[in-house]
Amino acid sequence: MENFRAGFVAIVGRSNVGKSTLLNSIIGTKISIVSPKPQTTRIRILGVKHIKDAQIVFLDTPGIQRGKDLLTKSVVESAVASIEDADIVMMLIEADSGWTNEDRQIVQNYIAKLKKPTILVINKIDKIQRDLVLPLIDESTKIYSFDEIVPISALKNINIDELINTVKRYLPESPPLFPEDQTTDIPLKLYIGEIIREKVFFNTHEEIPYSVAVEVESVREGDINKDILFIDANLYVEKENHKGIIIGKKGSMLKKVGAQARQELELLLNKRIVLNLHVKVKERWKEDLKLLRLLGYNQIS
């Protein structure tokens, strides 16, 4: 296709700066799970934006974080691999927080070494006064020579079209990389598991969300009614008392998580959902290489 552009854009930044919210806003549908808690995203999520003369393949990366267990290693390696494979890097910071030490380290340790086209996205501008945006842009130019700086609000959908047009200018000339009707490459089981895990994040506190992994064992259509999906999933926790918290008094918490996940999945998949959740204790599951790969953390070497 003459003059058509296509390429990969890695969305990077520290945890909880709004990367997943931005991806969902750009694509126009829910691709990546979100929550108010940091470190919600654990895997690389791909979202394809189709426009008239271009195709932008966004890679929502996990927040770069510290940690020694295999899960954290997988999370960081996934983010780094996405940066290395991308044609363009999109770095996010928060307008209300400004430049943090973590932000600066990501630029210094990962972005500066690659010398790829890099767009700084200043997110959450709806949270600060308008006259504070320009000083933050000026500060940003002194930290790194970004090719572009675009202030936005992913949550309020402010300046998203401007950001898309800016990205398009830096894409290489290329035919489309994905079919027109494809918006992600996430396997159905993994997608369902992420939706369930999101509900755990919203409904539990402290260490519980970070101690839960979701394995979708089976997804099957009804024998008679093909518009019904029967889903069986395991929620793995590290301790027996975590199991009690996830289940709740008389099963109340598990029912709440299941109901919320079922309702959202019915909207997203346009099918009636019968969801069966089981909570299992798996001590040190974050160090279980076989289980981690089964759960979709494929960057572990």
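The values are calculated or read from the model by the stated rules, or taken from the named source; none is laboratory data. For clarity, every value in this text was computed on a predicted model and none was experimentally measured. Every residue, glycine among them, receives a Cβ derived from its backbone with ideal geometry; neighbour counts consider all protein chains shown.
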**Study point:** Among (1) in contact with a strand residue (DSSP E or B) (Cβ under 6 Å, 6 or more places away or on another chain); (2) modelled with pLDDT of 95 or more; (3) among the β-branched types (Val, Ile, Thr) - the single one Thr100 does not satisfy
**Key:** (1)
Point to revise | Enumeration of residues in the stretch 75-129 that are under 16 Å from the mean Cα position of the chain (by Cα) and part of a helix (DSSP H, G or I) | key: Val75, Val76, Glu77, Ser78, Ala79, Val80, Ala81, Ser82, Ile83
Revision key, fill the gap. For the stretch 135-158, the count of residues that are crowded, with 19+ Cβ neighbours inside 10 Å and assigned to a loop (DSSP other than H, G, I, E, B) equals 3
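Quick grid of which residues meet (1) within 20 Å of Asp96 (Cα to Cα); (2) at pLDDT below 90; (3) part of a strand (DSSP E or B):
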site: Asn3; (1), (2), (3): no, yes, no
site: Phe8; (1), (2), (3): no, no, yes
site: Ile11; (1), (2), (3): yes, no, yes
site: Ile31; (1), (2), (3): no, yes, no
site: Val48; (1), (2), (3): no, no, yes
site: Ile56; (1), (2), (3): no, no, yes
Practice item. Just need a number here: residues in the stretch 86-118 that are aliphatic (A, V, I, L, M), under 17 Å from Ile56 (Cα atoms) and surrounded by fewer than 21 Cβ atoms within 10 Å (Cβ to Cβ). Key: 0
Review point. Can you find a residue in the stretch 278-295 that is surrounded by 17 or more Cβ atoms within 10 Å (Cβ to Cβ), among the charged types (D, E, K, R) and assigned to a helix (DSSP H, G or I)?
Key: yes
Review point. Applying the selection to the stretch 159-174, what residues are closer than 23 Å to Asp126 by Cα and part of a helix (DSSP H, G or I)?
Key: Ile160, Asp161, Glu162, Leu163, Ile164, Asn165, Thr166, Val167
Revision key, fill the gap. Flagged pairs (Cβ under 7 angstrom, 6 or more apart or on separate chains; first in the stretch 222-245, assigned to a helix (DSSP H, G or I); second loosely packed, with under 15 Cβ neighbours inside 10 Å) are Glu240/Val281; Lys243/Val281
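Matching residues to (1) modelled with pLDDT under 90; (2) among the acidic types (Asp, Glu):
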residue	(1), (2)
Phe146	no, no
Glu162	no, yes
Tyr170	no, no
Asp185	yes, yes
